[in-house]
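Take a look at the structure set out below.
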Amino acid sequence: MYKHLFYGLVGLSLIFGLSSCEDKPKNGRTDTYSSGSITFAADESFHPIIDEEIDVFHSIYRDAHVTPIYTNEIDAVNLLLSDSVCLAIASRDFTKSEYENYRSRGFSPRAIKLAKDGLAFIINNQNTDSCISVKNIKRILSGEAKNWSDVAPGSKRGEIVVCFDNKQSSAVHFCVDSLLGGKPINSPNIVAAKTSKEVIQYVRETPDAIGIIGSNWLNDPRDTTNITFYKDTRVMHVSKKDEATPDNSYQPYQAYIYNGRYPIVRTVYALLNDPRQGLPWGFAHFIESYKGQLIIKRSGILPIIMDTYVIDVKVN
């Protein structure tokens, strides 16, 4: 009798053991929508916003821990495509071939729009040539305009030095695809700093430089109205017109991104491939939730989902 009972207990143990093995994910992940630990990739240019989102997310979901890998956009997306991470924050959607590749393997990738960010053009405080047209930006990037006098007639400044955060960054990708129509940047004086912060520092120290970074790096957090940029650099006014003037040129403020007056705007996406719909989904959906969008609104760029109201005020 005891022998039969022993065999019965062994059998039940084997059944429960097999059941628990089957329940455990093959990749070892145990995270849920609001708990566990994951890493994700993000373009470095969105560093300030993502850090704020993480801080608030962690304060709400105490059992969750998300760790960013800040890198350039190409490497961030490649980490996602190679299944090294399940979430990437970038300024582009999946390409058609990337969607097809995922679906051919039985996956259902998802791109969630999170925000709109104005690509900012910054110059040294000593440079008074602060209005520029989209046409002249294209001429600078293509190498047609090499000196400040080529875009600002009468300027006494010398050669234009263009500074990006990284040669594989989202800013470079946007300029090539959206401004140059896929043609490579051909300016003779290109400098690649490592980070957006270093672009700002380079422009502070280089009178003839023009830096190209995400506008979320420029807002002074002491101003809750988001209408003050840091004073140690000059943010250029950009115009859709061929000839830029103070009356037809705009800086990348939220209101001008919203009403379309600022002409150089990119969309920020959460790119997901997470069959488990675990913590990567939870964090991405938090960013697109009311609380996450409020953080984006306070950062100075435009939330994609929240209702936005712009009031025109005449000042005499």
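Remarks
- Across the range 247-260, computed HN-Hα scalar couplings (Karplus, 6.51 cos²θ - 1.76 cosθ + 1.60, θ = phi - 60°) run 7, 10, 10, 9, 8, x, 7, 3, 4, 6, 5, 5, 8, x Hz from first to last residue, x flagging Gly and Pro.
- In the range 96-186, Cα pairs under 8 Å separated by at least six residues give a relative contact order of 19 percent.
- The string of couplings for the range 283-299 from the Karplus curve (6.51, -1.76, 1.60, θ = phi - 60°) is 5, 4, 6, 5, 5, 8, 6, 4, 5, x, 5, 5, 4, 4, 4, 6, 6 Hz, one whole number per residue in order, with x for Gly and Pro.
- Reported to the nearest whole Å, the Cα centre-to-centre distance from the range 35-51 to the range 144-195 is 28.
- Using θ = phi - 60° in the Karplus curve 6.51 cos²θ - 1.76 cosθ + 1.60, the 3J(HN,Hα) couplings for the range 61-71 round to 10, 5, 9, 10, 9, 10, 10, x, 10, 7, 8 Hz; x is entered for Gly and Pro.
- Relative contact order of the range 20-113, defined on C-alpha pairs under 8 angstrom at six or more residues apart (%): 28
- Within the full protein context, the accessible area of SER249 is estimated at about 10 Å² for a probe radius of 1.4 Å.
- Of the listed residues VAL162, VAL176, the order by accessible area with a 1.4 Å probe, largest first, is VAL176, VAL162.
- Among the listed pairs LYS194/LYS241; LYS113/LYS138; LYS138/LYS241, those with a Cα-Cα distance over 24 Å are LYS194/LYS241; LYS113/LYS138.
- Of the residues ASP55, ASP43, ASP93, ranked by 1.4 Å probe accessible area with the largest first, the sequence reads ASP55, ASP93, ASP43.
The values are calculated or read from the model by the stated rules, or taken from the named source; none is laboratory data. What you see is a predicted model; the values in this text were computed from it and never measured. Remember, those area values only see protein heavy atoms, side chains included, never the ligands or the DNA or RNA. Shrake-Rupley method; radii C 1.70, N 1.55, O 1.52, S 1.80 Å.
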